[in-house]
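The values are calculated or read from the model by the stated rules, or taken from the named source; none is laboratory data. Fair warning: this is a prediction, and the values are worked out from it, not measured in the lab. Virtual Cβ from ideal backbone geometry, glycine too; neighbours counted across all protein chains shown. Each accessible area value is taken on the protein alone, full model and side chains, heavy atoms only, with ligands, DNA and RNA left out. Shrake-Rupley method; radii C 1.70, N 1.55, O 1.52, S 1.80 Å.
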Amino acid sequence: MTYYSKIGRVVAGLLLLIGSAAAARAQAPGGTKPAEKAPDKPTSTDKASEKASFPFQIQLLETQIRFETNGDSRKEVHTIVKLNDLMGVREFGRLTFDYNRSFQQVEIPMVRITHVNGGTSDVLPSAITDAPNPAVEKYPAYQDVRVKSVRILGLREGDTIEYRVITSTTHHPLAPDFWLEHTFDRSGEIEEENYEIEIPGSKRAEVIINPQTPATEISKNDHESIYRWERKSVSLASNSAVTESSAQLPSYPDVVLSTFSGWLDLAVKLNCSLSYKKASKVAKTQTLDDLKDFGTPNPSPPNTAVRAKANELTKSAKTGREKLESIYDFVSTKIATVDLPLGSTGYSDRAPDQILSSGYATQEGKLVLLRSLATEANYQIIPVLTGFCDESALPRPSAFKHLDMIAATGTSKYWMDPSLEVAPFGVVAAVAQNCAFYLETEFGNRYKPNVWGPPPVISARAFQKVGVVGTIGQDGKLSARVKYTMRGQNELLLRMAFHKTAKEKWKDVAGLLALSDGFRGVITSVNASDPMATQQPFTVEYELTQEKFVDWAKKPVRIPALLPQIGLPDTSARTSAGNIELGTPLDVETQLTLHLPAGTTVQTPAGTAVERDYATYSSKYGMSGETLSAARHIHFLRREVAGNRAADYNAFAQAVQNDQAQYFVLDRGVGVRSAAKE
């Protein structure tokens, strides 16, 4: 485990603390919850107990989707849900459905409740509301992104809800292309799931189906192709023909459909859309020759307002990089980010001058504005999508989760992510995948595109300094002040954590940070630099106390160096090439100054020095008077180590771990210990 992953856990824990708005289960029932292994031969008692183990049971989920040649579609979902307990009642007390009004409509023709004590009732149309998505309430330009919801009052345990929802899509920005992906429920929450897709016969579309979930029926003719699935719950089904053998979620969707001719086709069309150009011309291309003739779309020239802002931002800059930094800092920190998932606006956005005048944008909109402003500094901005890394899969934009970008001029390239608002220039969040999708089309002799490339990297030097100053009192109490100063991905993660957290809850963030670094105790105060002041390293300082840190009555007392433990990946952390992945190069320095009570003697461990071409490590321990000191320094020089050097790397890692496991041995005279005990 690298030091980056430790800080990552801090942010993950923080998100649990501050909470996040999750979509209602009714919006997309099933498909994400890991399954529980069912008995081989379920009895009627087993069935009843299993049903009761879920807050609700979806007795029937029927989905019918029809696509048209022009890319329009109609999706109808019919659901019947049995509410088993109060948690299920709360889950379905409000049904919510997200959509984009600019190219979609949502109709809810029926919501019916069958009461446990008999009788039925229909929800009136007046109970249906249509409002902007909470993420865009303050941003009028994006209020086409909406939530249609139904409030259901008077539900009780044992009631059954039945509803139909119809979503119509017309004139999607990427039409006439369309795509779809679906994963069947494996949790047992859905007793019966019927799924149907209808594709016009004249439309060139490719469908990939998981062999473990084959279609129940496939019918094709000149006019249409229809795929049907009829599935029963793994644990409640008696029909083995529709019961799958494995209850594990697949790593790839069960059904994927796409009309894009290839990843190059998708790259050009997305790049065109994200350049604020109408994609009508490029959307009609079907072959690599067509794409070659179209060329690489460029952003529209900036208008007067955008050009004036670019000149204002860069007038005092002396170099091209300084110009780019000024533009990036403005878009990152002065244009508010509308926190919508990638693709919520159809992978397009407003004109640059509209974004500039409004002062806010989605991650796609920030790209549009940054591209337009950067042309004044002679930089080309290349969009890069992350979150998916399988070139052999069917091309579809929904596979990706985030939008980064590269600024390129000559031989210089800088990674950027203005949507995070607190990312310093040249710093982007790490991604788990070992590649990314570049919306850049370079055609060689065989029209081979350059769309898959290396993942985002940090352009800036990454370092971290941790200083600990502490005191152990005569009563064994530890009081310490810990200060972090950092650049790089750890810096970005902590900036995000403090930026998203109210100041009165900063102690919670500091507490998670302290735990991740092995410190125990009570956080008494916290101070951090401005998360949005990205031109300077980020600093965090907190104070903590720990009662009875040592028991002077014991002889001798052993304490570790009060410094963060630096994790090193083991040889199982391999890249696709079989190399050992170390992560982004990082320079970490840690120092401890610990004041001890009078009369304390200390046996210090021996320091260590280990050098390799991929990393260096050194430590030094000492005692001056009644002040103990410790310093450790590790510098990761490369991103990975060749797999055939595993033995050498293991020896290096073992030396580091052995050093960090050493203790200071403290002793106080008999008289001093007796006095402390009294």
To the nearest 10 square angstrom, what accessible area does Lys555 show with a 1.4 Å probe? 140
Rounded accessible area per residue of region 326-459, 1.4 Å, Å²: 34
Kindly sort Ser273, Ser624 by accessible area of their heavy atoms, largest first, with the probe set to 1.4 Å. Ser624, Ser273
In square angstrom, rounded to the nearest 10, how much accessible surface does Glu391 have for a 1.4 Å probe? 120
State whether region 491-589 is rounded, prolate or oblate according to the following rule on the C-alpha gyration tensor (a ≥ b ≥ c being the square roots of its eigenvalues): a/c under 1.5 gives rounded; otherwise a/b larger than b/c gives prolate, and the remaining case gives oblate. oblate
Value in Å of the Kirkwood radius, where region 552-599 supplies the Cα pairs that are averaged: 15.1
Taking K and R as +1 and D and E as -1, what net charge do the other residues with C-beta under 10 Å from the C-beta of Ile128 add up to? 0
Just to check I understand the Karplus step: with θ = phi - 60° and J = 6.51 cos²θ - 1.76 cosθ + 1.60, what whole-Hz values come out for region 554-569, glycine and proline as x? 7, 9, x, 9, 10, 10, x, 5, 7, 10, x, 7, 8, x, 10, x
The answer for the net charge of residues other than Gln654 whose Cβ lies under 12 angstrom from its Cβ, with Lys and Arg +1 and Asp and Glu -1, is -3
When only alpha-carbon atoms are used, what values of Rg and Dmax, in angstrom, describe region 63-107? 14.9, 45
Structure shown: which of Lys366/Lys401; Lys323/Lys465; Lys465/Lys620 lie over 22 Å apart, alpha-carbon to alpha-carbon? Lys323/Lys465
Calculate one ³J(HN,Hα) per residue across region 595-600 by plugging θ = phi - 60° into the Karplus curve 6.51 cos²θ - 1.76 cosθ + 1.60, and present them in order as whole Hz with x for glycine and proline. 8, 10, x, 4, x, 8
Note down the net charge around Gln363, summing +1 for each Lys or Arg and -1 for each Asp or Glu among other residues with Cβ under 11 Å from its Cβ. -4
Mind pulling the per residue volume of the convex hull built on the Cα atoms of region 451-549? Å³ is fine. 113
Taking a probe of 1.4 angstrom, what is the accessible area of Thr304 in Å², to the nearest 10? 110
Once the Cβ-Cβ distance between Ala661 and Asp222 is put in as r, and R0 is 60 Å, what FRET efficiency do you end up with, to the nearest 0.05? 0.25
Taking the convex hull of the alpha-carbon atoms of region 155-220 and averaging its shadow over every direction gives an area in square nanometres of 7.5
Over all viewing directions the Cα convex hull of region 376-442 casts an average projected area in nm² of 5.7
Once Asp648, Asp254 are ranked on solvent-accessible area with the largest value leading and a 1.4 Å probe, the list reads Asp648, Asp254
Using alpha carbons only: equivalent-ellipsoid semi-axes of region 124-176, gyration tensor based, whole Å: 29, 17, 9
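At a 1.4 Å probe radius, carbon and sulfur cover how many percent of the accessible area of region 514-670?
On region 514-670, the fraction of accessible area on carbon and sulfur atoms equals 47 percent.
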Leaving ligands and nucleic acids out of the surface, order Trp229, Trp452 by accessible area at 1.4 Å, largest first. Trp452, Trp229
Could you check the spin-label model distance between Glu391 and Ile209? Points 7 Å from the Cα along Cα→Cβ, value in nm. 3.0
How about region 184-217: which trypsin sites (Lys or Arg not before Pro) there lie in a loop by DSSP and see at most 13 other Cβ atoms within 10 Å? Arg204
Could you give the semi-axes, largest first, of the ellipsoid that matches region 71-164, computed as the square roots of 5 times the alpha carbon gyration tensor eigenvalues and rounded to whole Å? 28, 15, 11
